[in-house]
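Q: Dropping the structure in here first, questions after.
The values are calculated or read from the model by the stated rules, or taken from the named source; none is laboratory data. Computed from a predicted model, the values in this text were never measured in an experiment. Positions of Cβ are generated from backbone atoms using ideal geometry, with glycine treated the same way; all protein chains shown enter the neighbour counts.
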Amino acid sequence: MASEGKVILSFHDSLLRESDVKTLDSGQWLNDQIIGFAFQYFENEVFSEYSNQVAFLSPEVTQMIKFISSQEASMLLSALELSSKQLIFFAVNDSDSATASGGSHWSTVCFNRTLQRFEHYDSLGGNNNYAAKTIVSKIAPVVQCELELLSVILCNQFRFIYSGCDCGVYVITLVELISNKILKSKKCDVMDSTEIVKTKRKEFKDTIFQLAKKS
């Protein structure tokens, strides 16, 4: 569904309208725009000093990668210098459309260069495995991952109680947790999943309105 209502915030490459911000309300499914904003916020604020080590690919770009060749993906991503990044995050959606937003489930793929592997974090087990593997097959040559080491590891060390509308919240939470652990050497404490959902929704809504006041 297209975003509706007045513009709340323009932040780097993100443009948030009223309908986007409302997806942060309890019981709502986070849309592409909110997850894209979270990735922009991580890149330009929270982890800005690590810009040479980490990349956060927008949901729109990740979705496009599913439907193009490795050669086209390489051209699309050439300016991001992914071959030098230590961590690369992708927000994976199960939508089967290359252009329209939507789908019913979000998960996260993280490329860890130190381990030379792609890790898939999916709060619904392996629901998004096919989409994740499709993306990885296109991305591996771009990030210069050894082909013989190419695999997608389903990681379950973060155990959340699954709720259909909260998968997007888990995505932004996990991306932040993993980035803090690897880039800032912070202890990776996993909170109760119910508390994560409550606090993260409020945290990002507050952040959006705080940034809007400054703009």
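Q: Kindly indicate the residue of segment 12-42 that is among the hydrophobic types (A, V, I, L, M, F, W, C) and surrounded by fewer than 18 Cβ atoms within 10 Å (Cβ to Cβ) and also farthest from Lys213 (Cα to Cα) among those meeting that condition.
A: Trp29
Q: Continuing with the same structure: Being of a type in the set (A, V, I, L, M, F, W, C), touching a Leu at 6+ places or on another chain (Cβ under 6 Å) and more than 21 Å from Val143 (Cα to Cα), is that true of even one residue in segment 13-36?
A: First, pick out the residues of segment 13-36 that are of a type in the set (A, V, I, L, M, F, W, C): 15-16, 21, 24, 29-30, 34-35.
Subsequent filtering for residues that are touching a Leu at 6+ places or on another chain (Cβ under 6 Å) retains 16.
Narrowing the set further to residues that are more than 21 Å from Val143 (Cα to Cα) leaves 16.
Yes, there is a match, as at least one residue in segment 13-36 is of a type in the set (A, V, I, L, M, F, W, C), touching a Leu at 6+ places or on another chain (Cβ under 6 Å) and more than 21 Å from Val143 (Cα to Cα).
Q: Turning to a different aspect of this structure: Can you find, within segment 82-93, the residue that is modelled with the lowest pLDDT among those that are surrounded by 18 or more Cβ atoms within 10 Å (Cβ to Cβ) and not aliphatic (A, V, I, L, M)? Spell out the reasoning first.
A: Taking segment 82-93 first, the residues surrounded by 18 or more Cβ atoms within 10 Å (Cβ to Cβ) are 82, 85, 87-93.
Adding the requirement that they be not aliphatic (A, V, I, L, M) leaves 85, 89-90, 93.
Working: Lys85: 95, Phe89: 97, Phe90: 95, Asn93: 92.
Filtering first and then ranking leaves Asn93.
Q: Mind listing just one residue for me: the one in segment 163-180 that is of a type outside the set (A, V, I, L, M) and out of contact with any strand residue (DSSP E or B) (no Cβ under 7 Å at 6 or more places or on another chain) and, of those, modelled with the lowest pLDDT? Walk me through it before giving the result.
A: Filtering segment 163-180 for residues of a type outside the set (A, V, I, L, M) gives 163-168, 170, 173, 176, 179-180.
Applying the additional criterion that residues be out of contact with any strand residue (DSSP E or B) (no Cβ under 7 Å at 6 or more places or on another chain) yields 163-166, 170, 173, 176, 180.
On the way: Ser163: 68, Gly164: 73, Cys165: 87, Asp166: 89, Tyr170: 89, Thr173: 90, Glu176: 92, Asn180: 92.
Top of the filtered list is Ser163.
Q: Condition test on Phe11, is it among the aromatic types (Phe, Trp, Tyr), under 16 Å from the mean Cα position of the chain (by Cα) and within 27 Å of Val197 (Cα to Cα)?
A: no
Q: Another question, if that's okay. In segment 112-126, which residue that is polar (S, T, N, Q) and at pLDDT 85 or above is nearest to Gly36 (Cα to Cα)?
A: Asn112
Q: Has segment 101-109 got any residue that is surrounded by 15 or more Cβ atoms within 10 Å (Cβ to Cβ), farther than 15 Å from Pro141 by Cβ and free of Cβ contacts under 8 Å to residues at least 40 places away in the same chain? Full working, then the answer.
A: First, pick out the residues of segment 101-109 that are surrounded by 15 or more Cβ atoms within 10 Å (Cβ to Cβ): 101, 103, 105-109.
Pick out the ones that are also farther than 15 Å from Pro141 by Cβ and you get 101, 103, 105-109.
Pick out the ones that are also free of Cβ contacts under 8 Å to residues at least 40 places away in the same chain and you get 103.
Scanning segment 101-109 turns up at least one residue that is surrounded by 15 or more Cβ atoms within 10 Å (Cβ to Cβ), farther than 15 Å from Pro141 by Cβ and free of Cβ contacts under 8 Å to residues at least 40 places away in the same chain.
Q: Which residues, taken from segment 94-111, are within 12 Å of Tyr130 (Cβ to Cβ) and at pLDDT 85 or above?
A: Listed by number, the residues that qualify are Asp94, His105, Ser107.
Q: Here's another thing I want to ask about it. Hey, Glu146 hits all of (1) surrounded by fewer than 18 Cβ atoms within 10 Å (Cβ to Cβ); (2) among the charged types (D, E, K, R); (3) at pLDDT 90 or above but one; which does it fall short on?
A: Failed condition: (3).
Q: Testing Phe160 on (1) surrounded by 14 or more Cβ atoms within 10 Å (Cβ to Cβ); (2) modelled with pLDDT of 90 or more, one condition comes back false. Which one is that?
A: (2)
Q: For segment 181-215: of the residues being not acidic (Asp, Glu) and not in a helix (DSSP H, G or I), which is modelled with the lowest pLDDT?
A: Met191
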